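Below is one structure, written out as structure tokens; the observations come after it.
The values are calculated or read from the model by the stated rules, or taken from the named source; none is laboratory data. Treat the numbers as computed from the prediction; the structure is a model and nothing was measured. Counting neighbours? That spans all protein chains shown, and the Cβs are built from the backbone with ideal geometry, glycine included. All accessible areas refer to the heavy atoms of the entire protein, side chains included, with ligands and DNA or RNA removed. Shrake-Rupley method; radii C 1.70, N 1.55, O 1.52, S 1.80 Å.
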Protein chains: 2
Amino acid sequence: MAKRIVVVGGGAAGATAAAKAKRVNPGAEVVLVEAGPYVTHAPCAVPYAIAQAARLYIYTAEQFAREKGVVVYTNTKAEVGEGGRLRLSGAVSGALEWDAMIIATGASPRVPQVEGVELEGVQVVRHPAEAEAIKKALQPARRVVVVGGGYIGLEMAEVLLAGGKDVVLLESGRWILNKMLDEDMARLVEQYIAARGGQLRLGETLTRIVGRGRVERVETTGGSVETDAVVLATGVRPNVELAKALGARLGETGAVWTDEFLETSVPGVYAAGDVAEVVHKVTGRRTWMPLAPYANKMGYVAGYNAGAGEKRVRFPPVVGAAVTKFFDMYIGKAGLGEAEARQYGIGATSAVVKTSDKAAFMPDAREIYVKAVASRGVLIGVEVVGFSPYVAAVVDFAAQLIGRPVEEVILAEYSYMPHTGPVWHPLVSAARLLD
Amino acid sequence: MAKRIVVVGGGAAGATAAAKAKRVNPGAEVVLVEAGPYVTHAPCAVPYAIAQAARLYIYTAEQFAREKGVVVYTNTKAEVGEGGRLRLSGAVSGALEWDAMIIATGASPRVPQVEGVELEGVQVVRHPAEAEAIKKALQPARRVVVVGGGYIGLEMAEVLLAGGKDVVLLESGRWILNKMLDEDMARLVEQYIAARGGQLRLGETLTRIVGRGRVERVETTGGSVETDAVVLATGVRPNVELAKALGARLGETGAVWTDEFLETSVPGVYAAGDVAEVVHKVTGRRTWMPLAPYANKMGYVAGYNAGAGEKRVRFPPVVGAAVTKFFDMYIGKAGLGEAEARQYGIGATSAVVKTSDKAAFMPDAREIYVKAVASRGVLIGVEVVGFSPYVAAVVDFAAQLIGRPVEEVILAEYSYMPHTGPVWHPLVSAARLLD
């Protein structure tokens, strides 16, 4: 009988892994098991679906199965049953034998354990399937409290402000986007949130949601806010239940530990995407970064190795390249921030430049700020805030240069024309100040 | 007496070199000699100055001297005089001794040696100081023939079409932008030139310009074209006269040969910018690529080494990252094209993907085409054509990855959000097809 490779989870990582495993090993039977109704959904599309700016990008199970040669079970839950077999329930039920497995169960929102989270008008951003429900629920609200000043909270704040709501953004840390930016760069974002009419409450933690049936106000460590609705964007946690039940080791981050080939501590069982840890290139330590491009690439690597039946492709260390936006302000990061570096005991220096997304003489040039962080003459991090998608270009360019000597960064190659960037690349300008 | 470092040429390379030399060696006297009236001019701004979209970005000599602590002689020509001293003439005249020299004399347009180039209505794009004159000269013209289908010709064609002129673009090669793109990618550009109303004449060489006093028609190897004006954009040549007179060796490209520290064959004499050769990372051979970012960085390196009085900083091999545009179509390149690789005897394979500048589900996503070229499993070139400045971002990302195994490119890191790029980076998508 042909080898059977079971992939659990039909998001970015699982769908890529299943397709790749089948491609590498066409003789194998590849089964993709997904608890929800869709495969290859795009959670990043959720805020835009709410804004009606985008249609969701979802394969039907039939399309995916046909195009990729994979057996797809949707609306089917997988647990560990007798003798290590998978016990399926839902649309498909029964025991499923496997020769190799790829765990791609993703992550779920972390819902704060406070009184009132179950009230009507309290919404958690979780999955595209819920977009319509969230949109409908928030329609009548005049004021919305968004809990959590991370990038999901910020994106939701934009959508709600654009829809004419009063928005109060509650963040327990001392500054917004504090997992992404240093305080100095975050202040630029905070100023712009205020300029766009958002109300910020920093250093306040949600303690209670109050209402009779429907939410009426939230209480925090700093006071209380009357509101018609609450959006919870308080982070995510990896869905490690299946991995634990299989006996796979969890790492210090709480996500699934893997080796560099993405095999877990259980031979033949791989993990990919938001459920698994990655290794940070600067610190050398394991970290948990549930980012979409990693999910795709980890799916590729796990699918390759599981399909080949041997460890052929390594998933390389990462630098956490990420970008988000708030209206026309784009915010990006790669590597370590200065404060973050200190938390890891890494001495760091930094320089900030204010420059533009085009040549300075172009009348439509827009400002961008770049902070470069170095340690012992090596570039270890970059933060970028500015009014142009060019921010993402700077981040992607920087992502290739993290870990290199500053002198090499100064001489790194890039293209130039007045419409696409300044003649001195913003990262190079910042690096020159570090030299 | 303090060491004297003379920099000849006040463009991007010379101005950067002078400032860096002074910064590295504040005790030295740094003299910048420029034949024209300006320093740090931006030739790339010329087409946009004509379009009135930009003001030219020029330092006055006084500003530059004051800010950088450099002695500046503008409107002053430098030649080699007795005993190797510089003989100055113009605004400043006399003999100038030097301990180190940096040649940054740039490049000049290559004017075709045909009858009629001196007629009224024939314009050469040369220097920002001429922008007003070119603009005025072309004002009354209904039809303009642009000779040369390189990026300067294409940019001029855009400006002229936008100004309501009939434009005929004459290119002697078989396809447009043939030093930049392979034929398949160039066809996309040619289709768009036609869609924007430009008339292309490919494979035709200018043989004569005819008119009584003022241009009336051009004759080519393929026929003749009635016209009111002609813009010559037929390439550039390095201004090597000073270097030759100093006894510096020219390389096989005809530009000034330097070692990796940018010292010429004459000790103590450096060369930087458009006058000098660079080394191509893929072929390992010397090449001549007069690109603005190289001028800046070569100025930095030559200024550093000349200022320090020792060879400290190397100018690294290049991949020719470049970008241009035609209306809202952006066109970029890094590394070698497929046809170009074959010319160098490098066997190459390629893959083209059609993708978008944002996530596919975004309603304003615009198409981009990426061609990746590989040889023996290593990425050697990328060509990008599409309707978004994101093209430049792809080129800059690619520039960091040329010379790396395709498998590494597939796993290269980048940021993602729906507004700034697709979840699979276009270069990664193309690389996956090469794997």
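Chains A and B: how much accessible area gets covered up at their contact, both sides added, probe 1.4 Å, in Å² to the nearest hundred?
When A and B are taken together, about 5200 Å² of accessible area is lost.
Which net charge results when you count Lys and Arg as +1 and Asp and Glu as -1 among the other residues whose beta-carbon is under 14 Å from that of B:R201?
Computed value for this residue: -3.
To the nearest 500 deg cm²/dmol, what mean residue ellipticity at 222 nm is calculated for chain B from DSSP H runs of n ≥ 4 alone, each contributing -39,500 (n - 2.57), summed and divided by the residues?
-7500 deg cm²/dmol, from helical runs alone.
Report, as an integer, the average count of C-beta atoms from other chains found within 10 Å of each Cβ along A:349-360.
1
Tell me the net charge near B:V352. Cut-off is 13 Å between Cβ atoms, B:V352 excluded, with +1 for each Lys or Arg and -1 for each Asp or Glu.
Cβ neighbours under 13 Å give a net charge of -2.
Please calculate the 1.4 Å probe accessible area of A:Y38, with all protein chains present, and give it to the nearest 10 Å².
So the heavy atoms of A:Y38 present about 80 Å² to solvent.
Between segment B:362-435 and segment B:8-37, how many Å separate their Cα centres?
The two parts, judged by their Cα centres, are 38 Å apart.
Please report, in whole Å, how far the alpha carbons of segment B:322-434 spread along each principal axis, starting with the longest.
Dimensions of segment B:322-434 along the principal axes of its Cα atoms: 43, 31, 19 Å.
State the antiparallel share, in %, of DSSP beta bridges confined to the protein assembly as shown, rounding to the nearest 5.
The antiparallel proportion sits near 60 percent.
Give the accessible area for B:D435 in Å² (nearest 10); use a 1.4 Å probe, count only protein heavy atoms, and leave out ligands, DNA and RNA.
Solvent-accessible area, nearest 10 Å²: 90 Å².
Note the distances from A:Q63 to each other copy's matching label point, with points 7 Å along the Cα-to-beta-carbon direction, in nm, sorted shortest first.
5.4
Cut-off 10 angstrom, C-alpha nodes, Gaussian network model of chain A. Which of A:V168, A:V240, A:V313 fluctuates the most?
It is A:V313.
DSSP beta bridges in segment A:122-234, what fraction antiparallel, as a percent rounded to 5?
Around 40 percent antiparallel, to the nearest 5.
Count the net charge of all other residues whose Cβ sits under 11 Å from the Cβ of B:V384, scoring Lys and Arg as +1 and Asp and Glu as -1.
Cβ neighbours under 11 Å give a net charge of -1.
Distances from B:V111 to the same residue in each other copy, label points 7 Å out along Cα→Cβ, in nm, shortest first?
Ordered by distance, the counterparts are at 7.8 nm.
Other chains near B:361-374: what is the mean number of their Cβ atoms within 10 Å of each residue's Cβ?
2
Can you give the translational diffusion coefficient of segment B:278-340 in µm²/s, computed by Stokes-Einstein from the Kirkwood radius over Cα pairs at 10 °C and 1.306 mPa s?
Approximately 118 µm²/s, per Stokes-Einstein.
Given the protein chains as shown and a 1.4 Å probe, how many square angstrom of A:E183 are accessible, to the nearest 10?
Solvent-accessible area, nearest 10 Å²: 60 Å².
Per the Kirkwood treatment, what hydrodynamic radius in Å, one decimal, follows for the protein assembly as shown from the mean inverse distance over all distinct Cα pairs?
Hydrodynamic radius (Kirkwood, Cα pairs) of the protein assembly as shown is 29.5 Å.
Run the Debye formula on the Cα coordinates of segment A:253-371, all scatterers equal and no solvent, and tell me log10 I(q)/I(0) at q = 0.14, 0.19 1/Å.
-0.73, -1.01
Enumerate the helices in chain A for which the Kyte-Doolittle hydropathy averages 1.0 or more and the C-alpha atoms extend at least 15 Å along the helix's axis, using complete DSSP H runs.
A:151-162
Using amide H atoms built 1.01 Å from N in the peptide plane, name the residues 5+ places from B:L379, or on other chains, whose amide H lies under 5 Å from its own.
Amide H to amide H, under 5 Å and 5 or more residues apart or across chains, B:L379 pairs with B:G403, B:R404, B:V406.
For B:I176, enumerate residues with amide H under 5 Å from its amide H, sequence gap 5+ or separate chain, H modeled in the peptide plane.
Amide H neighbours of B:I176: none.
Measuring from centroid to centroid over Cα atoms, what is the spacing of segment A:192-207 and segment A:259-299 in Å?
So the two Cα centres are separated by 34 Å.
How far apart, in nm, are the 7 Å Cα→Cβ label points at B:N75 and B:R87?
Reported label-point gap for B:N75 and B:R87 is 2.2 nm.
For segment B:381-388, take each phi angle, set θ = phi - 60°, evaluate the Karplus expression 6.51 cos²θ - 1.76 cosθ + 1.60, and give the result in whole Hz per residue in order, putting x for glycine and proline.
x, 9, 10, 9, 9, x, 9, 5
Any chance you could list the semi-axes, whole Å, largest first, of the equivalent ellipsoid that the Cα gyration tensor gives for segment A:122-234, using √(5λ)?
22, 16, 13
Measuring nothing but label to label, 7 Å from Cα along Cα→Cβ, what are A:F327's distances to the other copies in nm, shortest first?
Label-point distances to the other copies, shortest first: 3.2 nm.
What Kirkwood hydrodynamic radius do you get for segment B:359-415 when you take the inverse of the mean 1/r over all pairs of distinct Cα atoms, in Å?
So the Kirkwood estimate lands at 12.3 Å.
Go through segment B:107-113 residue by residue and turn each phi into a ³J(HN,Hα) via Karplus (6.51, -1.76, 1.60, θ = phi - 60°); whole Hz please, and just put x for glycine and proline.
The phi angles translate into 9, 10, x, 8, 8, x, 8 Hz.
Roll a 1.4 Å probe over the protein chains and send me the accessible area per residue for the protein assembly as shown in Å².
38 Å²
Does chain A come out rounded, prolate or oblate by the C-alpha gyration tensor, with a ≥ b ≥ c the root eigenvalues, rounded set by a/c under 1.5 and, if not, prolate when a/b is larger than b/c and oblate if not?
Note, shape of chain A comes out oblate.
Shielding of A:316-325 by partners, i.e. mean partner chain Cβ atoms within 10 Å per residue?
Partner-chain Cβ atoms within 10 Å, mean over residues of A:316-325: 3.
Using only C-alpha positions, report the orientation-averaged shadow area of the convex hull of segment A:192-301, nm², one decimal.
10.8 nm²
Have a look at the DSSP beta bridges in chain B and tell me what percent are antiparallel, nearest 5.
Counting DSSP beta bridges with both partners in chain B, the antiparallel share is about 60 percent.
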